[in-house]
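The values are calculated or read from the model by the stated rules, or taken from the named source; none is laboratory data. From a predicted model like this one, the values you see are computed outputs, not experimental measurements. No Cβ is skipped: glycine too gets one built from the backbone with ideal geometry, and neighbour counts run over all protein chains shown. The area values use the complete protein model at the heavy-atom level, side chains included, leaving out ligands, DNA and RNA. Shrake-Rupley method; radii C 1.70, N 1.55, O 1.52, S 1.80 Å.
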Amino acid sequence: MEFYKKCSLKEYNTFGIDVSANLMVKYNCEDELLAFLEQYHKEMPHLPLLHIGGGSNLLFLSDFPGVILFSEIQDISILAEDEDTVQVSVGAGVTHDDFVMYAIQHGWYGLENLSLIPGQVGSAAVQNIGAYGAEAGDMIKSVQSISLQDGTKKIWFHDELAYSYRHSIFKDEAVRGKYAISYVVFQLKKHFIPCLNYGGLKASVQAKQIPPEKLSATMLREIIIETRQNKLPDPKVTGNAGSFFMNPIVSVNVMHQIQEQYPNAPYYEVDSEHVKVPAGWLIEQCGWKGNALGPAAVHDKQALVLVNNGGATGKDILSLCRAVQQSVSERFGIQLSPEVNFIGKA
Ligand code: EPU
């Protein structure tokens, strides 16, 4: 276990916001976390506690006047397997993309489309990360957690996890911030069936002149990585948190109104009465793509991503967020909800 007092959080959030926390605690196993929690409840129960992952979905608005927990649980083990599937337990501190690569190397499939998404496995399970027609929650069998209040262990099975678009039970008010995830159990396939439903993926495969029967998981991973790199800024170079907003789900009627003015507006069907509209498209129509407000800007290749052009504070990013929300609301009557979690006071 490692303790860092007055710790800078700049390296722990992909926006690169320069704030600090009173204390950061990095733990390597459940027992270390339990030992720290005992100490915390005795010595510093008044301090707020925040568990972070890769910091790829956080916006710090101010210094954090409390304790940051960071998991370095790294073990990966097979719990069960048969001819077709494998159940793998993965430490919450494993970098998500490292596990995607590890899984492909071991002949376990299903996660390819989630290649290169930043963050840790624990946060992937909280956030139900998704991309190119796949969602992590679909492959998560259970999640092991430790209560930050009393140190008890709890296993959540798939049906309890309430997975939906960018949502899990860990984001619900009653549960949020109360558990540290220690392990995530994935159920993966041993036969590779490519998921190419997402617009553009099939075309990318064809453009590479790969015959469908020759497409391997490694090739698909490379295509996904290339696609992401073409559109999304590298957080190591330009601070950002991926999609800043969720794609709003609106009624079919609202979509019809949009189509009257924009017949080619993109959308994805959700059910017979609802569609999801790409927030990046809405933001682009409002003229924000590539534009800045102080040191914060809307990315020039994907308007759903807000970037730190250097030295931005959380409040700078928040001002841009509000300005973008206002434009979209005024033009389309749609309220964009941030996907990113705001921490601290504005
Ligand atoms: N679009 C625009 N202008 C833009 C951006 C997008 O017109 O500036 C249009 C595109 O032309 C396309 C549509 O919007 O028709 C969808 O764009 P894209 O494929 O880039 O996907 P997205 O809906 O904007 C979502 C996820 C991404 C994920 C991609 C691919 C959310 C909030 N975001 O974005 O996730 O990589 O699909 O599956 O659902 C993330 O969560 O950090 C993230 C990057």
Matching residues, segment 62-84, being surrounded by fewer than 19 Cβ atoms within 10 Å (Cβ to Cβ), among the aliphatic types (A, V, I, L, M) and in contact with a helix residue (DSSP H, G or I) (Cβ under 9 Å, 6 or more places away or on another chain): Ile76
Positions within segment 17-28 being within 23 Å of the chain's Cα centre (by Cα) and either at pLDDT below 95 or surrounded by fewer than 21 Cβ atoms within 10 Å (Cβ to Cβ) (or both), in sequence order: Asp18, Val19, Ser20, Lys26, Asn28
Matching option when the condition is within 30 Å of Glu222 (Cβ to Cβ) and exposed (fewer than 15 other Cβ atoms within 10 Å of the Cβ), among His96, His106, His41, His46: His106
2 or more residues touching a residue at least 24 places away in the same chain (Cβ under 8 Å) and farther than 26 Å from Asn22 by Cβ: qualifying strands (runs of 3 or more DSSP E) within segment 54-135: 76-81, 85-91
One residue from Ile249, Ile283 being open to solvent by less than 60 Å² (accessible area, probe 1.4 Å), aliphatic (A, V, I, L, M), outside the structural domain of Gly54 (by TED's automatic domain parsing) and modelled with pLDDT of 95 or more: Ile283
Complete set of residues in segment 167-225 that are open to solvent by less than 60 Å² (accessible area, probe 1.4 Å) and either hydroxyl-bearing (Ser, Thr, Tyr) or not assigned by TED's automatic domain parsing to the domain that holds Ala103 (or both): Ser168, Ser182, Tyr183, Ser204, Ser216
Criterion violated by Val324 - all others in (1) more than 16 Å from the ligand (Cβ to nearest atom); (2) open to solvent by less than 10 Å² (accessible area, probe 1.4 Å) satisfied: (1)
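Yes/no per residue for (1) out of contact with any strand residue (DSSP E or B) (no Cβ under 9 Å at 6 or more places or on another chain); (2) within 13 Å of the ligand (Cβ to nearest atom):
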{"position": "Tyr262", "(1), (2)": "yes, yes"}
{"position": "Ala265", "(1), (2)": "yes, yes"}
{"position": "Asp271", "(1), (2)": "yes, no"}
{"position": "Val275", "(1), (2)": "no, yes"}
{"position": "Ala292", "(1), (2)": "no, no"}
{"position": "Gly314", "(1), (2)": "no, no"}
